[in-house]
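Colleague: Before anything else, here's the structure in question.
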Amino acid sequence: MARRMKQGTYGKNLTWTLDNKGLLTISGEGKMEKKEDDSSLFGDNLANITKVKISQGVTSIGAFAFGAYSALTSIEIPNSVTEIGGYAFWECHALTSIEIPDSVTTIGEEAFSGCWELANINVSGGNANYVSIDGVMYDKEKKTIIRCPQTKTSIEIPNSVTRIGENAFFGCHALTSITIPNSV
């Protein structure tokens, strides 16, 4: 028996649809806002979500927006998104990489914590606030390491880095070698 497409609303101006292949599409204009009392915005559909496509017009990904989607493997973030909230992808265990577009100016704390399969955080070259080197995310000036993906086995921190951000290496159980320059 084929699953039917499911749909609903997300905040005031956004809608979502989930097709029978596990693709969740969020459409509309404005912020993805989750209320504190929402235990699950997508109800019993969490286990069916494997991919997320956010449409142009969405301006932020709210805190805990996709937290604990263990089946989520990929997400498309449009250039209209300026903010990724704290814990937005928390415990998205199957997420392997994420592309941060030019438009993102703010990334909340631990946005990618618990992403066990995360190998790369790729920041678009035109981003004004963030940069990635070998899949590791830094601030634009490369003075602070913000997040090391959890599957990295080794990392050499550039000499420009003076600070290691809070929880930058949280959950990096595969990390066996790290070179920290004297500048830190």
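The values are calculated or read from the model by the stated rules, or taken from the named source; none is laboratory data. Please read all numbers here as calculations on a predicted model, not as lab measurements. Quick reminder, even Gly has a Cβ in these numbers, built from the backbone with ideal geometry, and neighbours come from all protein chains shown. Ligands, DNA and RNA are stripped out before the accessible areas are found, and what is left, the full protein with its side chains, is counted by its heavy atoms. Shrake-Rupley method; radii C 1.70, N 1.55, O 1.52, S 1.80 Å.
Colleague: Could you please put ILE157, ILE164 in sequence from largest to smallest accessible area, using a 1.4 Å probe? Walk me through the numbers on the way to the answer.
Modeller: Details: ILE157 5, ILE164 60 Å².
Solvent-accessible surface, decreasing: ILE164, ILE157.
Colleague: Using a 1.4 angstrom probe, figure out how much accessible area the range 67-184 has per residue, in square angstrom, rounded to the nearest whole.
Modeller: Value for the range 67-184: 45 Å² per residue.
Colleague: Using a 1.4 angstrom probe and counting only protein chains, how large is the accessible area of GLU110 in Å², to 10?
Modeller: Looks like 40 Å² after rounding.
Colleague: When the accessible area of the range 93-145 is computed with all protein chains present and a 1.4 Å probe, what percentage of it is carbon and sulfur?
Modeller: Working: 1000 of 2150 Å².
Accessible surface attributable to carbon and sulfur in the range 93-145 totals 47 percent.
Colleague: Does the range 108-184 come out rounded, prolate or oblate by the C-alpha gyration tensor, with a ≥ b ≥ c the root eigenvalues, rounded set by a/c under 1.5 and, if not, prolate when a/b is larger than b/c and oblate if not?
Modeller: Numbers: a/c = 1.58, a/b = 1.12, b/c = 1.41.
Taking the square roots of the gyration eigenvalues as a ≥ b ≥ c, the range 108-184 is oblate.
Colleague: Using +1 at the Cβ of each Lys and Arg and -1 at the Cβ of each Asp and Glu in the chain, identify which of SER160, GLY67, VAL131 lies farthest towards the dipole's positive end.
Modeller: Ranked along the dipole, the leading option is GLY67.
Colleague: Another one. By accessible area of protein heavy atoms, probe 1.4 Å, what ranking do ASP139, ASP102 get, highest first? Working shown, then result.
Modeller: On the way: ASP139 30, ASP102 60 Å².
I get ASP102, ASP139, largest accessible area first.
Colleague: Also, quick follow-up: Distances longer than 22 Å among the Cα atoms of the chain: what percent of all pairs is that? Show your work: numbers first, answer last.
Modeller: Details: 7480 of 16836 pairs.
The share of Cα pairs beyond 22 Å in the chain comes to 44 percent.
Colleague: Only bridges whose two residues both fall in the range 56-184 count here: according to DSSP, what percent of them are antiparallel, nearest 5? Don't jump to the answer; show the numbers that get you there.
Modeller: On the way: 6 of 19 bridges.
Taking every DSSP beta bridge with both residues in the range 56-184, the antiparallel ones total about 30 percent.
Colleague: Please report the accessible area of ILE54 (heavy atoms, 1.4 Å probe, ligands and nucleic acids excluded) in Å², nearest 10.
Modeller: That residue has around 10 Å² of solvent-accessible surface.
Colleague: Do any of LYS51/LYS140; LYS53/LYS140; LYS12/LYS51; LYS31/LYS140; LYS21/LYS51 go past 18 Å between their Cα atoms, and which? Provide the component values of the computation, followed by the final result.
Modeller: Working: LYS51/LYS140 29 Å; LYS53/LYS140 26 Å; LYS12/LYS51 23 Å; LYS31/LYS140 25 Å; LYS21/LYS51 9 Å.
Result: LYS51/LYS140; LYS53/LYS140; LYS12/LYS51; LYS31/LYS140 exceed 18 Å.
Colleague: Quick check: pseudo-label points 7 Å beyond the Cα along Cα→Cβ at THR82 and ASP134, how many nm apart are they?
Modeller: Distance between the two pseudo-spin positions: 3.5 nm.
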